[in-house]
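To keep things clear, I will list the structure first and then write my remarks on it.
The values are calculated or read from the model by the stated rules, or taken from the named source; none is laboratory data. Predicted model, so just to flag it, every value in this text is computed and none were measured. Positions of Cβ are generated from backbone atoms using ideal geometry, with glycine treated the same way; all protein chains shown enter the neighbour counts.
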Amino acid sequence: MTTAHPPIDLRSDTVTRPTPAMRAAMAAAPVGDDQYGEDALTNELQARVAALLGKEQGLWLPSGTMANQVALRVLTRPGDEVVVSREAHAGWHETGGSAANSGVQLVEIGARGVFDAAALDAAIKPRGLPVYPPTTLVEIENTHNRSGGIVFPQDEVVRVCALARSRGLATFLDGARLWNASVASGSAEGELAAPFDLVAVSFSKGLGAPGGSLLAGSRDLIAAATRQRRMLGGAMRQTGFFAAAALHGIDHHRARLADDHANARRFAEALAAHPAVDLDLATVQTNIVVFRLRAGAIDAATLVLRSRERGVLVNAFDARTVRAVTHLDVSRTQVELAGAALLELLG
């Protein structure tokens, strides 16, 4: 079926393309060899984001998954156990890399993307018993992808990280969408990152860059991360093109994330009113909408297929769960058209 409009792509905020201004910044980038420390814009990006996150040093990496994998290799040893939120990106969307690359096992706790200090305390394995793997790291994902872009409450983050320190655990923030969490919560990125030893942020989602993520932490941790990045094949050369895009996104695309959040809310409210849709609007806090299709309604795979025929692209998470993500390449009007198309398909 043909559509009267170009495809409205709500599969992810990673599908964005550089704006003309971002492309101009990339084209004008003075580049050098990053492996010799000679790419000026990469150096600027690393220093600037580290300062923004309140950390000593930063390290650019090609992708968010590599940033997460490098963090595990720095903060754990093979055979360790890592506590994560239920349905964490590290366990669901990194093709088993935590086990393959770091030899760790993940234990999921909590619900709907969050957990509290009591749940962490209960999950920590006692030390000194030969049958147990040592729990050495707690990882928080903020915002939480599969739970609909939930913002992890900062007061609980502080309690979780304080407990982790008291029990000898390291702390890692998978903050791929920390920019969204900051806008939604009204808290600066540095405040959200402060309790953690190591923090990852992404430039290729809400900020609209074509690639790249960054790890920030102490000088010693970043030195270790630099070695692990090379070991995993992430050491690149003229990365200034990516750095220019990231810097442009930081300067020009952060504040407008509020528009994405408003569009996601508008889309969610339209769908939530339909009797076939199970959608808790309390979960729609940023730019991700995850909803379930009730028994008797169309299944997720069929909805995805038919909505594609209508020029609306969304993703199925399982047989009855669908995700839509707003971003800088979809306008309010397009989001309203997408919502109307899905409602028509739901009948």
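Exactly one residue among Gly54, Gly37, Gly32 is surrounded by fewer than 21 Cβ atoms within 10 Å (Cβ to Cβ), over 26 Å from Ala264 (Cα atoms), touching an Asp or Glu at 6+ places or on another chain (Cβ under 6 Å) and of a type outside the set (S, T, N, Q), and that residue is Gly32.
Looking across region 86-100, the residues that are in a helix (DSSP H, G or I) and crowded, with 23+ Cβ neighbours inside 10 Å come down to Ala90, Ser98.
Every residue, every condition in (1) buried (at least 23 other Cβ atoms within 10 Å of the Cβ); (2) not in a loop (DSSP other than H, G, I, E, B), yes or no:
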| site | (1), (2) |
| --- | --- |
| Gly234 | no, no |
| Phe242 | yes, yes |
| Ile250 | no, yes |
| Glu269 | no, yes |
| Ala295 | no, no |
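Taken together, Ala170, Ala162 contain a single residue that is surrounded by 15 or more Cβ atoms within 10 Å (Cβ to Cβ), in contact (Cβ under 8 Å) with a residue 12 or more places away in the chain, over 11 Å from the mean Cα position of the chain (by Cα) and not assigned by TED's automatic domain parsing to the domain that holds Ala268, which is Ala170. The residues of region 49-85 that are farther than 22 Å from Gly212 by Cβ and either part of a strand (DSSP E or B) or in contact (Cβ under 8 Å) with a residue 40 or more places away in the chain (or both), listed by number, are Thr76, Arg77, Gly79, Asp80, Glu81, Val82, Val83, Val84, Ser85.
Scan Ala341, Ala244, Ala319 and give me the residue that is aliphatic (A, V, I, L, M) and assigned by TED's automatic domain parsing to the domain that holds Gly206. Of the residues listed, the single one that is aliphatic (A, V, I, L, M) and assigned by TED's automatic domain parsing to the domain that holds Gly206 is Ala244. Go through the residues of region 222-231 one by one and say whether even a single one is of a type in the set (D, E, K, R), buried (at least 18 other Cβ atoms within 10 Å of the Cβ), touching a residue at least 24 places away in the same chain (Cβ under 8 Å) and part of a helix (DSSP H, G or I). Yes, region 222-231 contains a residue that is of a type in the set (D, E, K, R), buried (at least 18 other Cβ atoms within 10 Å of the Cβ), touching a residue at least 24 places away in the same chain (Cβ under 8 Å) and part of a helix (DSSP H, G or I).
Thr286 falls short on exactly one of the conditions (1) over 18 Å from the mean Cα position of the chain (by Cα); (2) part of a loop (DSSP other than H, G, I, E, B); (3) on the phi < 0 side of the Ramachandran plot, and that condition is (1). Scan region 309-333 for residues that are more than 25 Å from the chain's Cα centre (by Cα) and either surrounded by 18 or more Cβ atoms within 10 Å (Cβ to Cβ) or in contact (Cβ under 8 Å) with a residue 12 or more places away in the chain (or both) and the total you get is 3. Against the conditions (1) more than 20 Å from Trp60 (Cα to Cα); (2) surrounded by fewer than 17 Cβ atoms within 10 Å (Cβ to Cβ), Ile8 satisfies every one except (2).
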